[in-house]
Amino acid sequence: ILNGSESTDDNGIVNYEWTLLSGDSSVVMEKQKDIMKLSNLNEGIYLFQFTVTDTADQQHSINITVTVLSAEHTVDHCLAPFKVGRCRGSFHRWYYNPEIKQCQEFIFGGCNPNKNNYVRKEECDLACKNVQGAVEKRQEPTCNGNCLPLHFKCEDGCCIDRALECDETPDCQDGSDEKSCDSYIQGFHKLQNINDKAYCVDIPDTGPCEESIPRWYYNPLTEKCGRFTYGGCEGNKNNFEQEETCMKSCSGITKQHMIDQRWRGYEYQQATLSAFEVAIAVLLCVCIMIVLVILGYFFLKKRKTYRRRRQPPTAANSTLSSVLSTAEDTEHLVYNSTTKPI
């Protein structure tokens, strides 16, 4: 069964399609929406192309290899003992245990695996379901001088299966299959160290959330840690609570370890944002000053008007008031004398 149900797309997937690119054409392919059932499979290798189409009519394709094991291949893939290897990584893998006829989990060291090593339990179950037989015994070296690419050539010219190299058990008569394992270990540790520090060259990511959490990030251009504001969720691992932790985790990482153009774009963006923020701050200060001046003007004007209203009358105003009052009285008296009845 080929399952495409885990495929995702922002626009939504509307079509799943499988195409046989190579292999026995007599295979029967039965499509059911996002699942393809295969039957009538013969021994050999099949190559399928899986294509998804979204609502925007965009397509993406990947190739999938299906291997139908022969009896000989079954021994290598299902009856070989599980192999941790010399490296000391920690990778969860699955192997088939013929004694209990089940796939079991084990910790793989990270280098020189054998074929009884599966990333997913489903893969192990499909490859080795109901396989019977004893655990494969260790093979004796072949000394016919005809070593194939899948073989390890011992120093004495004999050949062993390459999967037996560096499994902590000598298989070559001269023990040469266990002599060069340190180089694998050193190479693995170097790659692991690079992988562990890969996040030190990531551009700081605030994430989609809107909190305001002060954090530190490592800048490989300056080889120093700087501050940024973290939103509170997602983001990446170039995110430290303390400057000391940031420097300790990423010390030694330089611009040679990163893609210059990506960080230069980030630096330019930060400089542009800083200039923009300064301009906004200046503009806000000017606006505040203008508002304060206007408020001060109206306050002083109102105060001046209030003082004028409370000013006491002058001497001229008092004389004018007396004259007007006397005139009014005279007119009143004249009116009374002329209209008084005889």
Full extension from LEU284 to MET247: what is 0.36 nm times the residue separation minus their Cα-Cα distance, to one decimal in nm? 9.6 nm
Give the calculated FRET efficiency between LYS101 and LYS179 to the nearest 0.05, with a Förster radius of 41 Å applied to their Cβ-Cβ distance. 0.65
Using Cα pairs under 8 angstrom and six or more residues apart, how large is the relative contact order of region 197-257, in percent? 40 percent
List every residue whose amide H lies under 5 Å from the amide H of LYS83, counting only residues 5 or more places away in sequence or on a different chain, with H placed 1.01 Å from N in the peptide plane. ASN114
In nanometres, what is the gap between the two model label sites at VAL75 and HIS92, each 7 Å from Cα along Cα-to-Cβ? 3.4 nm
Mean separation of Cα contacts under 8 Å (6+ apart) over length of region 2-68, as relative contact order %: 35 percent
Near the amide H of PHE152, under 5 Å away, which other amide H atoms are found, from residues 5 or more places off or on another chain, if H is placed in the peptide plane? ILE160, ASP161, ARG162
Beta carbons within 10 angstrom, averaged per residue: use that to sort the peptides 294-302, 150-158, highest first. 150-158, 294-302
Which FRET efficiency value, to the nearest 0.05, is calculated for CYS143 and VAL14 with the Förster distance at 41 angstrom and r the Cβ-Cβ distance? 0.10
Filter LYS129/LYS153; LYS33/LYS101; LYS101/LYS179; LYS37/LYS83; LYS83/LYS248; LYS31/LYS121 down to the pairs with a C-alpha to C-alpha distance above 28 Å, please. LYS129/LYS153; LYS33/LYS101; LYS101/LYS179; LYS37/LYS83; LYS83/LYS248
What shape does region 197-257 have by the C-alpha gyration tensor, where a ≥ b ≥ c are the square roots of the eigenvalues, rounded means a/c under 1.5, and otherwise prolate means a/b greater than b/c and oblate the rest? prolate
Going 7 Å from the Cα of ILE45 along its beta-carbon direction, which residues of region 103-127 have the amide nitrogen within less than 17 Å of the resulting point? 115-116
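The numbers here are math on the coordinates, done by the rules we state, and not lab data. Quantities reported herein were computed from a predicted structural model and do not represent experimental measurements. Backbone-built Cβ (ideal geometry, glycine too); neighbour counts: all protein chains shown.
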